[in-house]
1. Shielding of B:33-40 by partners, i.e. mean partner chain Cβ atoms within 10 Å per residue?
2. Among B:Trp81, B:Trp253, what is the fewest-to-most ranking by other Cβ atoms within 10 Å?
3. Which number comes out as Rg/Rh for the stretch B:477-643 once both Rg and the Kirkwood Rh are worked out on C-alpha atoms?
4. Quick one: if you stick a label point 7 Å off each Cα along the C-beta vector at B:Glu553 and B:Arg173, how many nm between them?
5. Just to be sure I understand: if I project the alpha-carbon convex hull of the protein assembly as shown onto a plane and average over all orientations, what area do I get in nm²?
6. For peptide B:121-129, how many partner chain Cβ atoms fall within 10 Å of a residue's Cβ, on average?
7. What lysines sit close enough to B:Lys417 to cross-link, taking a C-alpha to C-alpha distance under 21 Å and skipping anything fewer than 8 places away on the same chain?
8. For labels at A:Phe147 and A:Lys106 in the simple 7 Å Cα→Cβ model, what's the distance in nm?
Amino acid sequence: MHDTGGIENNRRYEGNVCVKDQVDSYVTEDGRTIGPVVMEMKNITLRFGGVEAIKDISFDIREGEIRAIIGPNGAGKSSMLNVISGFYVPQEGEVWYKGARRPPMKPFQVAQQGIARTFQNIALFEGMSVLDNVMTGRLTHMKTGIFSQTLWKGRAEREEIENREVAEKIIDFLEIQAIRKTPVSRLPYGLKKRVELARALAAEPLLLLLDEPMAGMNVEEKEDMSRFILDVNDEFGTTIALIEHDMGVVMDLSDRVVVMDYGKKIGDGTPHEVRNNQEVIDAYLGVSHD
Amino acid sequence: MANIEASGGQPASVPALLRRNAKMFADAPAYREKEYGIWQSWTWRQTLEEIEALALGYLELGLNEGDFVAVIGRNRPALYWAMMAADMCGAVPVPLYQDANAEEMAYVMNHCGARFAVVGDQEQVDKILEVQEQLPQFERMVYLDPRGLRKYDHGALHQYSDVQDMGRKSRDRHIKTIEAVEAKLDYDSTCIMLYTSGTTGRPKGVVLSNRNIIETAKSSSEFDNLKQTDDILAYLPMAWVGDFIFSVGQALWVGFCTNCPESAETLNVDLREIGPTYYFAPPRVFEMQLTNVMIRMEDASRFKKKLFDYFMAHARRVGPAILDGKKVSFADRMKYHLGELFIYGPLKNTLGLSRVRVGYTAGEAIGPEIFDFYRSLGINLKQLYGQTEATVFITAQPDGEVRSDTVGVTCPGVELKIAENGEVFYRSPGVFVEYYKNPESTADTKDAEGWVATGDAGFIEDGSGHLRIIDRAKDVGQMADGSLFAPKYVENKLKFFPNILEAVVFGNGRDECTAIINIDLTAVGNWAERNNIGYASYQELARHPQVMQAIQEHVEAVNASVAEDEMLSGCQVHRFVVLHKELDADDGELTRTRKVRRKIIGEKYDDIITALYDGSKTVSTETEVTYEDGRTGSIRATLEVRSANVLPVATKKLAAE
């Protein structure tokens with residue numbers, strides 16, 4: 001049972017806004033250390049045929065922060081996330097990761113670089129148990145081949161035991177012990193979302209991408225999920241980039257927010273800055289006529 | 001070390017027993033806990049080492065003899081050790097209910113002046129920090145699960161394993177103190193203090209000595225022939241006396257293994273994996289299990305349902321007799337074996353009760369159908385009557401004399417007497433020492449000769465010598481015409497229906513009885529699903545006409561059954577409402593052990609009760625509710641007042657004879 005009141009915890013750090021872009025790292029009001037830039041998007045443009053989904057967008061993600069991408073429907077948020085995860089290759093612009101330019105690569109190579117994600121429309125193995133699903137997240141950490149894994153001797157055995165332990169710790173962390181052996185297809189939506197998060201965490205990512213982690217949830221499930229996202233960031237120091245519709249949640253969770261509209265970036269900054277940005281207000285509420 | 005022995009050469013304190021077990025059962029498992037999906041176990045020798053390390057750590061942190069150590073959290077070996085380690089230092093462990101809110105905790109911790117607290121996780125740490133300012137004597141807190149606590153100020157906050165490490169390092173300095181303390185501990189020194197759940201008023205601290213704990217553990221283990229190889233599952237609140245007796249008292253005396261589940265949600269899986277041989281559950285748990293079985297059988301295929309019904313009918317007929325070792329024909333026995341193969345065996349396995357040798361239920365009356373269901377499966381489920389002040393055991397049912405309507409014969413060493421007003425009194429070696437800092441209450445409850453008032457009204461049945469409990473003595477009242485009013489008796493009959501979760505009957509000093517009823521969302525919800533009845537909320541389901549009709553039929557069935565009892569036929573329910581919200585401990589309507597707080601409900605729903613008696617057809621009411629996080633809100637509803645058929649009270653003259 002979680003104390004849900006904690007979401008209002010002050011995660012904003014107004015005041016020293018301009019300083020932080022120049023420094024390597026700084027400490028937030030609630031005592032977390034935000035490190036240097038880990039991923040940078042430089043002038044990204046993405047087209048699908050004649051449609052420009054993303055137009056010349058640049059922003060960065062710092063180590064240890066919770067970075068949100070928000071925007072109305074069709075703004076290009078999911079496309080942006082797919083660019084980050086390497087699934088889409090932009091026609092123009094560069095993706096810099098850990099201080100080097102990232103060449104176009106296959107999704108599994110991106111995963112090996114320490115980036116894990118969840119999906120907007122849950123993409124779990126429905127017929128498999130929760131535990132097995134979480135174990136698939138350990139794939140990039142397994143070195144033995146299919147042959148020795150089948151024999152389950154020596155190194156393969158040790159490896160599985162180690163990986164199972166990591167998986168179990170994550171199951172414990174997300175409090176899904178009770179459904180460990182339940183097939184995913186039998187779970188309600190909110191729990192499936194949590195299992196997906198568990199699988200992504202099992203990869204022990206440096207950067208975790210969450211595509212609408214709270215879509216379709218009720219208030220209680222949202223509060224739980226918010227708490228888990230904060231806990232993941234806090235306990236494992238994982239950098240998190242997330243897309244979310246629920247403005248209240250975004251404003252409470254994130255350190256910095258990118259706002260997109262029609263494929264363009266219309267705002268970038270702390271939740272406080274973004275909330276007071278006239279362009280953002282217009283995009284969300286329509287232009288005021290006073 | 002700990003040489004003081006009681007008569008008969010047995011160890012006279014909890015630490016002494018622990019040392020005996022570490023020698024006698026050195027490599028046998030003492031505690032198990034499922035963590036990260038795997039059962040971890042500790043032998044008696046390891047357990048002693050863990051406890052001693054913690055006790056040494058306590059001393060390093062400055063715990064003194066006679067201090068109180070609050071222990072709060074779900075059942076985990078480390079928390080049981082925290083209690084025993086306190087005993088080892090000559091301090092007194094005080095387990096608290098983990099779901100108590102911060103104010104309730106503050107009251108108890110202030111009352112005993114706890115200097116130390118050992119807690120399970122962040123939730124409990126937060127609660128104590130919230131009320132810390134009200135606790136002038138409180139100094140240090142030790143926590144078990146470090147999750148979320150990394151950034152807390154660790155000035156007076158310590159991680160459990162760190163305290164143990166501290167203890168191991170400072171062993172040379174403090175081991176002499178522990179030896180000296182243990183040498184002083186005897187039968188009369190305090191072993192534990194438990195707070196009563198507070199059905200009425202503020203909780204009282206019941207002081208239990210080593211004599212209470214050890215004598216009770218000894219006689220009750222002998223009564224049921226418990227063995228060192230037994231397994232129990234520890235899942236009931238640690239603040240409840242029964243858990244301490246089972247998981248610490250009897251476990252230490254007999255040397256059996258205490259198993260702790262992974263979390264409250266995984267209980268059913270863990271139960272199945274462990275397969276306890278000695279099992280204890282309140283009637284509510286058995287009820288819930290039975291409801292679940294029945295719901296799932298409703299959804300089963302027709303063939304399976306037929307098979308189930310056929311063999312269950314047979315089990316009901318001969319099962320209890322076979323269990324009691326009575327004469328049953330050969331053919332019936334063979335058929336029962338067949339049933340065991342197809343139905344009873346797999347069902348017991350699913351429930352995790354395959355290995356149960358001795359099972360107990362207590363705390364509330366259990367429905368005869370529920371009780372018989374388990375017994376017919378061949379599970380040796382028995383009833384027990386006890387209370388904190390008696391260190392649990394007052395009466396229990398011996399094997400072969402088990403019935404659903406009595407609570408058994410007196411346990412070894414217990415004497416019983418019934419006062420003129422029907423109240424049950426007892427005297428035993430388990431009788432508590434005193435209520436802490438409350439001599440008036442102690443004197444009210446326990447007289448100079450050691451007789452303790454139970455507060456329950458009952459009688460000893462002629463012939464069998466079994467005790468039968470009617471109701472709480474203070475709840476037993478009189479109707480306006482002078483006939484007996486025993487609300488609990490009627491409520492229990494109502495609650496035996498799976499659709500009814502809770503019922504509160506009113507009528508003291510009035511002409512007629514009325515009732516407020518809570519539906520059981522699981523059972524009624526499933527019924528609604530099967531009958532294509534849509535509902536959006538508890539409130540909507542509760543006032544559905546068909547639900548109302550079903551409840552009315554239940555009430556009328558109860559009336560018919562109550563009418564048969566000469567003494568209590570006046571207690572038939574004339575009118576009732578189905579309440580729009582579940583009675584909840586957070587709203588103060590139930591105690592933490594989920595007993596009805598009659599008086600508070602009476603005051604809170606005054607408007608509904610008025611409507612029950614003034615003949616109105618509906619009543620509009622607004623109720624304040626408290627959410628889990630402490631916020632409050634209110635629910636508004638219009639409830640229908642229904643009248644139920646009652647049978648004429650013609651038997652009254654008989655009662656007067």
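1. Numbers: counts 0, 1, 4, 10, 11, 3, 0, 0.
Counting other chains' Cβ atoms within 10 Å and averaging over B:33-40 gives 4.
2. Going from sparsest to densest Cβ surroundings: B:Trp253, B:Trp81.
3. Working: Rg = 15.6 Å, Rh = 16.3 Å.
That ratio equals 0.95.
4. 7.3
5. On the way: hull surface 190.2 nm².
For the protein assembly as shown, averaging the hull's shadow over all directions gives 47.6 nm².
6. Working: counts 0, 3, 3, 0, 0, 3, 1, 0, 0.
Averaged over the peptide's residues, the number is 1.
7. B:Lys417 reaches B:Lys446, B:Lys474.
8. Rounded to a tenth, the inter-label distance reads 2.1 nm.
Each value in this text was obtained by applying a stated rule to the coordinates, not by laboratory testing. Keep in mind the model is a prediction, meaning the values are calculated, not measured. Glycine also receives a Cβ, built like all others from the backbone with ideal geometry; neighbour counts cover every protein chain displayed.
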